[in-house]
Structure formats: C-alpha cells, structure tokens
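Some notes on the structure that comes next.
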Amino acid sequence: MTERTTIKVHWSFWAIGVFMLIWNALGAANFFAQMNPEILEGYRESERAIIEGRPAWATISFAVAVFGGTIGCLLLLLRSTKAYYVFLASLVGVILTIAHSLSVDISFGAGEIVGIVIMPVAVAAFLVWYTKKTVSIGWIPKT
C-alpha cells in the first residue's frame, strides 16, 4: 500500500481557480454569442469585421482557447495535472485566434488592443505558469 501525502492548499488557489473559471466561462459564452447573428449586430464594427471574416481554422482556434480554458480551470480545481496540458492547448488557441484578429485590415483602439490581444494572452500564459507552479508546490499532486 502506498502512502500519499496531502498538502493543504492555500485559499488563493481556490480564489484564482474560481476567478479564472468565470473568466473562461465568459469566453465560452462569448463564443456562442458570436454564432448568433442577432447578438452580433450589437458588436462594434471592428469586432464584427474580425468575426464575420474568420476562417474555419481561426474559429476552431477560438473554440480551443475558450473551451480549453474552461475545462482546464475545472481540472485545476479538481487538482489534476492534466490541467497543464489543456492550458497549453488553450494558449496555442489564443495565439492563433489573435494572429487572425491582427491580420484583419482594421485599426484597433487602445481598449481593443488590451481586450483582444494583451489580456487573453496574459491570462492563458498565466494559467500555464500557475498550474506548473502549483504542481511544483505540491498543491496539485504529481501522478
């Protein structure tokens, strides 16, 4: 019989996990909203240009980004090392999605640069790093 040492998880782990789950779930809701033409009418012109001209590979990348992030957060909260690999896939999805967004011939405002480019990359990269860190601390047991 093997012994498994349980390390007490700091409250910040749960706070970060839940906050990031909400962030990614909102991204997943945004994915579905973008598939609805009536809701899409309410988006800014620059956002509609990106969405309406999005090729299939960029739509798939967007789905991997947001659903991967959501599933990754659930795995993180379940303290599974698989969260790391799902977050890596999500980060790749974010990067590919942004590559398409930046290829569209529109001018972005400062808010759009932050919301469309900087924040998604920062959050996805943070989740990859954070999961690796929580495994090294022992909050997520190595399997």
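Quick notes on this structure:
- Residue list for segment 120-143, filter: among the β-branched types (Val, Ile, Thr) and either outside any helix (DSSP H, G or I) or more than 20 Å from Lys8 (Cβ to Cβ) (or both): Val121, Val123, Val128, Ile140, Thr143
- Test set (1) surrounded by 14 or more Cβ atoms within 10 Å (Cβ to Cβ); (2) in contact with a Gly (Cβ under 9 Å, 6 or more places away or on another chain) - Ile7 fails condition number: (1)
- Here Ser103 passes the criteria (1) among the polar types (S, T, N, Q); (2) over 12 Å from the mean Cα position of the chain (by Cα); (3) buried (at least 16 other Cβ atoms within 10 Å of the Cβ) except the one numbered (3).
- Condition met for Ala63 (under 15 Å from the mean Cα position of the chain (by Cα) and surrounded by fewer than 23 Cβ atoms within 10 Å (Cβ to Cβ)): yes
- The set of residues from segment 43-60 being surrounded by 10 or more Cβ atoms within 10 Å (Cβ to Cβ) and more than 16 Å from Gly93 (Cα to Cα) comprises Tyr43, Arg44, Ser46, Glu47, Arg48, Ala49, Glu52, Gly53.
- Checked against (1) touching a Gly at 6+ places or on another chain (Cβ under 7 Å); (2) closer than 20 Å to Pro141 by Cα, Asn24 passes all but a single condition, namely (2).
- Helices (runs of 4 or more DSSP H) wholly inside segment 23-119 containing at least 3 residues that are of a type in the set (A, V, I, L, M, F, W, C) and free of Cβ contacts under 8 Å to residues at least 40 places away in the same chain: 56-77, 82-103
- When we screen Val94, Val123 for residues that are under 22 Å from Tyr43 (Cβ atoms), surrounded by 16 or more Cβ atoms within 10 Å (Cβ to Cβ) and in contact with a Pro (Cβ under 9 Å, 6 or more places away or on another chain), the only hit is Val94.
None of the figures in this text is laboratory data; all of them are computed from the coordinates on show. All values reported here derive from a predicted model rather than from experimental measurement. Heads up, the Cβs are rebuilt from the backbone with ideal geometry, glycines too, and the neighbour counts pull from every protein chain shown.
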